[in-house]
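Data first, discussion second: the structure below is written as structure tokens.
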Amino acid sequence: MHTIIMMSSGILLLLIFWGAGYFTEKTKGWLTAFIPVWFVITAVNMAVGIYEAGYTFLEELPIFLLLFGVPAIIAFIIKWRLSK
């Protein structure tokens, strides 16, 4: 359930960044700024899973890659489509 909440949060944050870019007319810049922000959030989530929940790094790594990768790929696809 936590993975679904985090994934939804990432997509919601992406939409917020996209909307901010739309209103400031700098959409590509905001989509690019989303990537490091989301990386830090998912890295903190991974650290909490390791230190608080007791999972190992190798157990958390696939979840981290999924949580970071899906919204990041969506951001890259949106940015690529806006470039056309």
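Listed here are the residues, each with its yes/no results for (1) small (Gly, Ala, Ser); (2) modelled with pLDDT under 95; (3) within 9 Å of the chain's Cα centre (by Cα).
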| residue | (1), (2), (3) |
| --- | --- |
| Ile5 | no, no, no |
| Phe23 | no, yes, no |
| Thr32 | no, yes, no |
| Pro36 | no, no, yes |
| Phe39 | no, no, yes |
| Tyr51 | no, no, no |
| Leu58 | no, no, no |
| Pro71 | no, no, yes |
| Ser83 | yes, yes, no |
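Among the residues of the stretch 14-30, which ones are surrounded by fewer than 16 Cβ atoms within 10 Å (Cβ to Cβ) and in a helix (DSSP H, G or I)?
Residues satisfying the conditions are Leu15, Ile16, Gly19, Tyr22, Phe23, Thr24, Lys28, Gly29.
Evaluation of Tyr55 against the conditions (1) exposed (fewer than 11 other Cβ atoms within 10 Å of the Cβ); (2) not in a helix (DSSP H, G or I) shows that the sole unmet condition is (1).
The values are calculated or read from the model by the stated rules, or taken from the named source; none is laboratory data. What you see is a predicted model, and the numbers here were worked out from it, not measured in a lab. Please note: Cβ atoms are built from the backbone with ideal geometry, for glycine as well, and neighbour counts cover all protein chains shown.
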